[in-house]
1. Starting from the Kirkwood Rh over alpha-carbon pairs, what translational D in µm² s⁻¹ does segment 1-78 have by Stokes-Einstein at 20 °C and 1.002 mPa s?
2. Would you mind telling me which residue in 85, 71, 31 has the biggest mean-square fluctuation in a Gaussian network model of the chain, where springs connect alpha carbons within a distance under 10 angstrom?
3. Take every Cα pair under 8 Å in segment 75-137 that's 6+ residues apart, average their separations, divide by the length, and report that relative contact order as a whole percent.
4. For the pair residue 74 and residue 180, how long in nm is the line joining their label points, each one 7 Å along Cα→Cβ?
5. Please give the length that would be gained between residue 146 and residue 36 if that part of the chain were fully extended, namely 0.36 nm times their separation in residues minus their C-alpha to C-alpha distance (nm, one decimal).
6. Any chance you could check the Cα centroid distance between segment 154-169 and segment 2-50 for me, in angstrom?
7. Can you pick out the pairs among 29/188; 100/128; 29/114 whose Cα atoms lie more than 30 Å from each other?
8. How do 97, 103, 189 line up, fewest other C-beta atoms within 10 Å first?
Amino acid sequence: MNSIIKSIFRNVPLTEDESNFLYRKLVKKNFKKGEYVLKADEEINHLYYVVMGCLRTYFVDAAGKEHTLQFAIRGWWISDYITLFGNEGTKSVSYIECIKDSEIYAISKNDFDKLCIGMPKVGHFHIKNLETAFSSFQKRILERLTLSAKERYVKFIQTYPDIEQSVKNYHIASYLGITTESLSRIRKELALN
């Protein structure tokens, strides 16, 4: 079986024919650090699987402030889910930026939807991924509402130990909903303990 298909659809028992069929639906893309997979107001109809690198999805508010919604590293999926799964039309509302050189595989939502219907085990896999993502997003919202900035940062480094070395301070601060100055202060406090 194709190694990229094994990686993407881990724990899904696929035949050689199914694996080859799935592989033909994927498009490999390479991006350099600083390049964009997607910008706001662009057409969006793909999901992206990260083979290597680090990406982030962020939104820019009316005041020009960036709000990091998601980081994605090896083995993660990323897209503009608001547009892709919501009823927001076809134009992206967020940006997907490569913060490290990245290799990703793209699959159109239309193709993926057809695969989920035609191959129930792929559909089940997708549902499990969405359940995990939904749970993580809700957990993050609750943490933002109930935890202090310091507690959120500690949770972040415990949950994503490999991301911190790849991203800039303002990316982390944006993700946590704090200023870079607050992040620096929190790091100093933790270093003293």
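Laboratory data are not the source of any read-out in this text; all were calculated from the coordinates shown. Quantities reported herein were computed from a predicted structural model and do not represent experimental measurements. Here the Cβ is made from the backbone with ideal geometry for all residues, glycine too, and neighbour counts use every protein chain on show.
1. 147
2. Looking only at 85, 71, 31, the largest GNM fluctuation is found for 85.
3. 16
4. Calculated label separation equals 2.9 nm.
5. Numbers: separation 110, 0.36 × 110 = 39.60 nm, distance 3.30 nm.
Gain on extension, residue 146 to residue 36, equals 36.3 nm.
6. Computed from Cα coordinates, the inter-centre distance equals 24 Å.
7. Details: 29/188 39 Å; 100/128 28 Å; 29/114 22 Å.
Distance filter (> 30 Å) returns 29/188.
8. 189, 103, 97
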